[in-house]
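Heads up, the thing below is written out as structure tokens.
Computed from the coordinates by the stated procedures, all read-outs in this text should not be read as laboratory data. Every value quoted in this text rests on a predicted model; they were computed, and no experiment measured them. All Cβ positions, glycine included, derive from the backbone under ideal geometry; neighbour counts span all protein chains shown.
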Amino acid sequence: MKIDRLIGILSVLLQEEKVTAPELAKTFEVSRRTINRDIEDLCRAGIPIYTAQGAGGGISIMEGYKMDRTILSSKDMQMIMAGLRSLDRVSGSPYYGRLREKLKSGSSDFVSGNESILIDLSSWNKDSLSSKIELIQDAIELGKSLRFQYYAPSGNTEREIEPYFLIFKWSSWYVYGYCLLRNDFRMFKLHRMTDIEHVRNFEKKRDVPMPDLSNDKVFPQKAKVKAVFDPSMKWHLIEEYGAESFIELSDGKLLFEHTYADDEGLLSWLLSLRDKVTVIEPESIRKQLLRIATELTEKYKEA
């Protein structure tokens, strides 16, 4: 990611007397042109960097310059380190680990060795997820479209997108891009994608809107469910929806009311709770639960 690379380049320049653009390009695994743009961005940010052409030339930072510690405090650096550690757990590349080491070596005098925040963004299928993230990151950096098979409740389709953002939200990873099948911007869940491959170069000329990641936008509310839970499920409701999501009745049972986005998601959740919940309304959900229970009864009677 660009901000990580800019911090890494600055760290290298603070440690090295002089370095060349090809050396930086190799270290950060990007093109020389990308490094040149990064140096320009650092200069615009007020970092005193100068370059020298010819034999013995290179990129260096003004002698005596130090990073202003009022800008990055010890706590700030600890937060950066925690973020890089979390990305390292899902990345298929050693890049984030190397970047952490560079930042530590350049800031050892004001970065504590104690790790008070640990974040692990990996999942059960970490191995397949890491390769997907690396492939998508490369596509975004190189301006390559992606083709893949996508598996959704509505059916399976082959998609080709122009990718722009990798997103971690709702405990899952997504890629956001322009879908050539739908002719619109869409977000795709990485766990539902298979057979991902780079297809072709594309020019980043589109006016790309920032993805709206609000819950109401991605999961528009359909209706409200009202249900009574067994007292033993209090921990579950607090974990999922918070302590304000229910009222404790005189008999100890829990009256729960909440909006939901789709029937399938609600039904899956209710069925996972087995006999610990009784739906009061809507009637349509009660009927669907009865139908599913009847079908399951018949299925296992036959077995």
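Of the peptides 267-274, 82-89, the order by per-residue mean of other Cβ atoms within 10 Å, starting with the highest, comes out as 82-89, 267-274. Taking 32 Å as the limit for the C-alpha separation, the pairs K26/K75; K253/K287; K26/K205; K102/K217; K2/K234 exceed it in the case of K102/K217; K2/K234. Sorting S245, S60 from the fewest to the most surrounding beta carbons within 10 angstrom yields S245, S60. Among Y151, Y176, Y50, the residue with the largest mean-square fluctuation in a Gaussian network model of the chain, with springs joining Cα atoms closer than 10 Å, is Y50. Taking other C-beta atoms within 10 Å as the exposure proxy, D251, D41, D216, D207 rank D207, D251, D216, D41 from fewest upward. Derived scalar couplings between HN and Hα for region 191-204 equal 5, 9, 9, 9, 6, 6, 8, 6, 10, 8, 6, 9, 8, 7 Hz in order, rounded to whole Hz, by the Karplus curve 6.51 cos²θ - 1.76 cosθ + 1.60 (θ = phi - 60°), x for Gly and Pro. Calculation over all alpha carbon pairs of region 219-302 in 10 angstrom steps from 0 returns a P(r) of 16, 49, 27, 7, 0 percent.
The value of relative contact order for the chain, using C-alpha pairs under 8 Å at least six residues apart, is 10 percent.
A cut-off of 5 Å between modelled amide H atoms, ignoring neighbours fewer than 5 places along the same chain, links E29 with no other residue.
First check a/c for the chain, with a ≥ b ≥ c the square roots of the eigenvalues of its C-alpha gyration tensor; if it is under 1.5, answer rounded, and if not, answer prolate when a/b is larger than b/c or oblate otherwise. Judged from the Cα gyration tensor, the chain comes out prolate (a/c at least 1.5, a/b above b/c).
Checking the a/c ratio against 1.5 first, then a/b against b/c, what shape does the Cα gyration tensor give for region 159-218? Here region 159-218 falls in the oblate category.
Principal axis extents of the C-alpha atoms in region 189-251 (largest first, rounded to whole Å): 65, 27, 18. Highest GNM mean-square fluctuation among R159, R192, R37, for the chain modelled with Cα contacts below 10 Å: R37.
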